[in-house]
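Here the structure comes first, spelled out in C-alpha cells, and everything after it is commentary.
No lab work stands behind these numbers, since they all come straight from the coordinates. Note that the structure is predicted; figures quoted are calculated from it, not measured. Ideal geometry is used to build each Cβ from the backbone, glycine not excepted, and the neighbour counts take in all protein chains shown.
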C-alpha cells in the first residue's frame, strides 16, 4: 500500500497520515457494525442517500427449507426502503477476494431470497440493544414497523437485494466483475466499497475514507412523490411488471365498486394501494397491491379484527385462495403477510376466482 493524506491542525501545522492495512478482518467488520455510514450511502444514491439499519453480524443462512444454517453472512443491513443489503468483508491480502468471494456472495443472494424467513430476521434484529430506537430513526415516522418488515419480505421475494463487497482495497479483477454483475442483475444491485485506513505516527490520529466502486454511471431512477395515486401507480406498474397490469386493473375496479375506499401508500420507491372496508368503526385491509407486481395478503392485520380474529375464518380465506391455480400459501402464514405474484391472476378463470374470494371477505366483514 502507498499514498497519504494530510490533516490540518488548528495551528496550521500538517500531520501526514499514511495508508495502512487493517490489523485484522474482524477489526474492519467491527467498524462497519458500529459505523454503518462507512458504506457510503451518499455515494450509492446521491439523490436519496442510503441510510442503514444493521440487522446483525454473522447471520445464518440455510440452503433448504427449514434447514440448518449452511453459511454465515458477515453483515446484513436494511436501508430505508427495506432493501436487504448483504455485506461481505475481506482484506486485500486475502486472495479469496478475487474469485471465491464472488461465488460465495451469489450463493448468499440466491438462497437468501428463498430461505431467509423475515420473521426470524426480525427476531434477530430485535435482540439487539436499542433496536426499536434505531428503527424509528431509520423510518423517520414515514412508515409503521409492520409495514417496513412486510416490505423486507416482498423485496426478498422479488429478488430486490443489494450485495456489497467491502475491503481496504478492491482489486481490478473484482471491480470488473462487480461492474458486469451490476449491469446484468436486475432488480438486484452489486457494488464494492473500498475503505482505506490512514494512520499518523501519533496513534491518536486515524482516518477512514470510503469509496463506492462498480457503479456503471447510470443515475438512479427518480423517486416518485410521497403519495401515490391511480395514474402514478399504474404507470410504474406498467414499467416494472407489465404482465401484472391487467389483474391489478381488475382488482382496482373491484375495489372502486365493492370497497369503502382505496388507500394509497406513501412509499418513496414502491407504490401500493389497499382496498379498504370500513365497518362499525373498524378499518379492514385484506390485500395490498405493489408496483412491482406483487400482491400481499394481510392475514397479520386481519387476525386483530373480527370476524377474522377467528383462526378458522382465516383458514377458510386461505383455503379459498389456495384453490386458485398457482397459489400455494402455507397454513403457518395465517398470522403473517404472505405474497403472491399478480401475474398468477393473469388468467380470466383465476382472476374471477380471486375476486369472488374478495367478495366473500366483504360479506364476512359486513355480517360481523
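What the table below lists for this structure:
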{"quantity": "Residue 227/residue 93 FRET efficiency (R0 56 Å; Cβ-Cβ; nearest 0.05)", "calculated": "0.65"}
{"quantity": "Simple spin-label estimate for residue 285 and residue 175 in nanometres, 7 Å along Cα-Cβ", "calculated": "4.5 nm"}
{"quantity": "FRET efficiency, residue 136 to residue 359 (Cβ-Cβ, R0 45 Å, nearest 0.05)", "calculated": "0.70"}
{"quantity": "Overall form of segment 243-368 per C-alpha gyration tensor (a/c, 1.5; a/b vs b/c)", "calculated": "rounded"}
{"quantity": "Cα gyration tensor shape of segment 4-213, rounded if a/c is under 1.5, else prolate or oblate by comparing a/b with b/c", "calculated": "prolate"}
{"quantity": "Cα centroid of segment 120-190 to Cα centroid of segment 230-256, whole Å", "calculated": "27 Å"}
{"quantity": "Nearest 10 degrees, 0 to 90: helix 348-367 Cα axis against the chain principal axis", "calculated": "80 degrees"}
{"quantity": "Segment 256-285 residues near the modelled residue 366 label - backbone nitrogen below 18 Å, point 7 Å along Cα→Cβ", "calculated": "256-262, 275-285"}
{"quantity": "Average Cα contact separation per residue, the chain, under 8 Å, 6 or more apart, as relative contact order %", "calculated": "12 percent"}
{"quantity": "Full-stretch length increase - residue 23, residue 114 - with 0.36 nm per residue and alpha-carbon distance subtracted", "calculated": "29.2 nm"}
{"quantity": "Residue 328/residue 123 FRET efficiency (R0 25 Å; Cβ-Cβ; nearest 0.05)", "calculated": "0.50"}
{"quantity": "Length-normalised contact order of segment 4-213 in % [C-alpha pairs under 8 Å, at least 6 apart]", "calculated": "23 percent"}
{"quantity": "36 Å tail of the calculated P(r), the chain, as % of Cα pairs", "calculated": "31 percent"}
{"quantity": "Mean ellipticity per residue at 222 nm, deg cm²/dmol - from DSSP H runs of n ≥ 4 across the chain, formula -39500 (n - 2.57)", "calculated": "-11000 deg cm²/dmol"}
